[in-house]
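Visitor: Mind looking over this structure? Questions follow.
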Amino acid sequence: MFRHRKGKQVPSQKKVPRAQTSFVETTSGRIHVACAGEGYPVLLLHQTPRSWDEYRDVLPILGHSFRAIAMDTPGFGASDGLPDGQVSIEAWARTALAVLDALGIAEAAVVGHHTGAAIAVEVAAAAPQRVSALVLSACPYVDAARREKHGKAQVVDDVEVSVDGGHLAELWQRRQPLYPVGDTELLTRFMIDALRAGPLAAEGHRAVNRYVMEERIGLLRCPTLVLAPRADPHAYPAAARVAQAIAGSVLREVEGAMVPFPDQMPETFAALVRDFIAQRVGT
């Protein structure tokens, strides 16, 4: 089903549930979702500036055990942008809850990677009765010190458009060290999503850096797994602090995992998510 490529796990050849894509209408506009499987719902939230495609290889694996749902955050992928144009972690979390409403889901496990992890924190803090379990992969820790340090700093995907297309090479080169050596396919998938997101490719990172996480993360009470990709220079240093801030959380370090952990190592990512959620929700 999947081609073997250097640096990326190859899912097994057994038959897997195929992801089906559709749109749901919410108060935040039309949101694009991809779903696979049946059973207990698991909502997956992607990093900036990706789309549900980040979970393309994870979704069918989780679909063996759950109703796996990956949504495009407003303004990314094929989803509408927020009606008022005001980008924030809180607004994106409200949209995630609205997607659950539109799908008729009262309670779900929530999984997030990078920006998606920050959104997942806010979802669980804002609506604890709706989140049965939480998986935070490469979750940032945002406090006053980070907001001060990064508030006006240039973010990784902030490149100035040039008529000769040089900004595309610049973006590729900025991201290349964060990806497996020689893996051009993962980087190409990133570039497609980044180009589609436009200015949000950078603004999504700024939204994370504005989030007052330290006032929200301590409110979490659901079972939580914190995944720490050891080869992710941005997220790994914060993993222990994220775990310490959440009572009873479990911290798992993942050797070799990088910034694109879900699509770099889909079988490992899916197995960690599946096993943790299955133990907590009784599937």
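The values are calculated or read from the model by the stated rules, or taken from the named source; none is laboratory data. Predicted, not measured: the structure shown is a model, and the values here were computed from it. Note that each Cβ is placed from the backbone with ideal geometry, even for glycine, and that neighbours are counted across all protein chains shown.
Visitor: Checking the condition basic (Lys, Arg) and at pLDDT below 95, which residue from 146, 94, 130 passes?
Guide: The unique qualifying residue is 146.
Visitor: Suppose we filter 204, 218, 248 for residues that are farther than 23 Å from residue 130 by Cα and either crowded, with 21+ Cβ neighbours inside 10 Å or touching a residue at least 12 places away in the same chain (Cβ under 8 Å) (or both); which single one remains?
Guide: Criteria check complete, one pass: 204.
Visitor: If you don't mind, there's one more thing I want to ask. For region 206-283, which fully contained helices (runs of 4 or more DSSP H) count at least 2 residues that are at pLDDT below 95 and farther than 17 Å from residue 140 by Cβ?
Guide: Because the criterion is at least 2 residues that are at pLDDT below 95 and farther than 17 Å from residue 140 by Cβ, the helices (runs of 4 or more DSSP H) in region 206-283 that meet it are 266-281.
Visitor: If you go through region 198-256 one residue at a time, how many are on the phi > 0 side of the Ramachandran plot and touching a helix residue (DSSP H, G or I) at 6+ places or on another chain (Cβ under 9 Å)?
Guide: Of the residues in that region, 1 qualify.
Visitor: Taking residue 255 as meeting all but one of (1) crowded, with 22+ Cβ neighbours inside 10 Å; (2) free of Cβ contacts under 8 Å to residues at least 60 places away in the same chain, write down the number of the exception.
Guide: Failed condition: (1).
Visitor: Quickly run through region 101-114 and pick out the residues that are surrounded by 24 or more Cβ atoms within 10 Å (Cβ to Cβ) and over 15 Å from residue 263 (Cβ atoms).
Guide: 108, 109, 110, listed by residue number.
Visitor: Return yes or no: is residue 122 surrounded by fewer than 24 Cβ atoms within 10 Å (Cβ to Cβ) and of a type outside the set (Lys, Arg)?
Guide: Taking the combined requirement at face value, the residue does not satisfy it.
Visitor: So which residues in region 10-37 are aliphatic (A, V, I, L, M) and at pLDDT 95 or above?
Guide: Of everything in region 10-37, those that are aliphatic (A, V, I, L, M) and at pLDDT 95 or above turn out to be 24, 31, 33, 34, 36.
Visitor: Is it true that residue 194 is touching a residue at least 60 places away in the same chain (Cβ under 8 Å) and closer than 15 Å to residue 168 by Cα?
Guide: yes
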